[in-house]
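Notes for the one structure printed next.
The values are calculated or read from the model by the stated rules, or taken from the named source; none is laboratory data. Remember, predicted model here, so these are calculated numbers, not experimental data. All Cβ positions, glycine included, derive from the backbone under ideal geometry; neighbour counts span all protein chains shown.
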Amino acid sequence: MKIDIEYYSDRSRVNHSLIKAFEESPRFAKDIMDGKIPDKPSVAMKNGTMVHMYLLQHAEFKKKYKILDFSIPTSAQQKKFCEDYVNSKATTVILKATEALKANYVTTSKNEDETAAKALEMALKLKPYIKWLKSSNAEEETISWAKLSALKLTKEKLQLHKKANELLFKNDNSPGVITHNEFHINWEIEVRKGSIIPCKSLIDRLIIDHDSKKVTLIDLKTTVSVSKFKDSFKEYSYGTQMAYYWMAIYWYFKNELKLDIEEYKHSTYIVAIQNDGATCKVFEIDDDTIITNIDKLTQIITQMDWHFSNNLWDYSKEYYEGDGAELLLYDNT
């Protein structure tokens, strides 16, 4: 399996997120592939990445995140004050602080001495953060001690949950048991003879037990509410995501391991972690859900193949091959 481009940088391959985009609009998917839509992760996505890395790639977590041992600014204005202070060309501390204060706060009601005093007070209060901004470590992603404590609490909660602990932290040292965390698979789908769709998947955790002939797929999800996770499962198409991972695993077994995966028992779990870190649940996804969604994915990827072959992306295949009207499919479940 050749991997010469980092997962998130590789726009030449289809992943589950791109399939979801294609379901919204072929043009939307094409613009993502062409790099026309900026890939800016949301706050929720950043938090999910942090949790994943802390739990499954702790060594990488320590490289990526710097733990700040001082208070960081509590507002966007304070952060901008610090940035403007650092970037100021003024020659004295008081002038730098005054410029930064005037750029970010209303100061018309104060005279110059009062403004300077207020600016200096703020600069002294935020001095550790300003000093950090000036340092060479300013490009590192940072978290507070409070956030680190929350991550530790999350891990403790998972370790106390009997199934989550088994899936995430119990490592079998037998040479016949192979565990992959953040497992990047580059794979392919032959939609029709001579037409190959290059794909990619990044699997949170995969345990292959050759001794007991078991393959276990584990996915971590952060969520607003574990009690309402059923709604999130449907809203974010987690069923098709798990099915897409299994398609990658099937390819991996056949083409890389040279093994028949049908000789192995398959299990799929989602470990759902509430955003507050205090609650978790483990959900098992049944094989029927996986099979149904593999069928759905096959249909979608076949449609994508038509668009790749014809290089038509503004409308659906139905539009181009029909009179312009498209059938409205309504799901009332």
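The set of residues in segment 299-333 being exposed (fewer than 14 other Cβ atoms within 10 Å of the Cβ) and polar (S, T, N, Q) consists of Gln299, Ser309, Asn310, Asn311, Asn332, Thr333. Kindly indicate whether Ile196 is assigned to a strand (DSSP E or B), modelled with pLDDT under 95 and under 23 Å from the mean Cα position of the chain (by Cα). In short, no. Just to check your reading of the model, which residue among Lys155, Lys110 is basic (Lys, Arg), over 21 Å from Phe70 (Cβ atoms), surrounded by 12 or more Cβ atoms within 10 Å (Cβ to Cβ) and modelled with pLDDT under 90? Every option except Lys110 fails the conditions. Within segment 89-104, the residues that satisfy the criterion of being buried (at least 17 other Cβ atoms within 10 Å of the Cβ) and of a type outside the set (Lys, Arg) are Ala97, Thr98, Glu99, Ala100, Leu101, Asn104. Restricted to helices (runs of 4 or more DSSP H) entirely inside segment 1-113, those with at least 2 residues that are within 30 Å of Ser316 (Cβ to Cβ) and assigned by TED's automatic domain parsing to the domain that holds Ile249 are 16-24, 26-33. All of Tyr105, Tyr65, Tyr54, Tyr85 fail the test of being among the aromatic types (Phe, Trp, Tyr) and under 15 Å from the mean Cα position of the chain (by Cα), apart from Tyr54. For Val177, state whether it is over 30 Å from Ile301 (Cβ atoms) and assigned by TED's automatic domain parsing to the domain that holds Ala243. So Val177 fits the description; yes.
Residues checked against (1) more than 30 Å from Glu121 (Cβ to Cβ); (2) in contact (Cβ under 8 Å) with a residue 40 or more places away in the chain; (3) among the aliphatic types (A, V, I, L, M); (4) surrounded by 13 or more Cβ atoms within 10 Å (Cβ to Cβ):
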site: Ala21; (1), (2), (3), (4): yes, no, yes, yes
site: Pro26; (1), (2), (3), (4): yes, yes, no, yes
site: Met45; (1), (2), (3), (4): yes, no, yes, no
site: Tyr65; (1), (2), (3), (4): yes, yes, no, yes
site: Phe70; (1), (2), (3), (4): no, yes, no, no
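Restricting segment 182-193 to residues that are in contact (Cβ under 8 Å) with a residue 40 or more places away in the chain and surrounded by fewer than 18 Cβ atoms within 10 Å (Cβ to Cβ) leaves a set whose member that is nearest to the chain's Cα centre (by Cα) is Glu182.
Among residues that are within 27 Å of Ala44 (Cα to Cα) and surrounded by fewer than 20 Cβ atoms within 10 Å (Cβ to Cβ), Thr289 is included.
Taking the criterion of being modelled with pLDDT under 95 and either within 24 Å of Leu220 (Cα to Cα) or in a loop (DSSP other than H, G, I, E, B) (or both), the only residue of segment 183-193 that qualifies is Lys193. Looking at segment 30-43, which of its residues are under 18 Å from the mean Cα position of the chain (by Cα) and surrounded by 15 or more Cβ atoms within 10 Å (Cβ to Cβ)? Across segment 30-43, the qualifying residues are Ile32, Met33.
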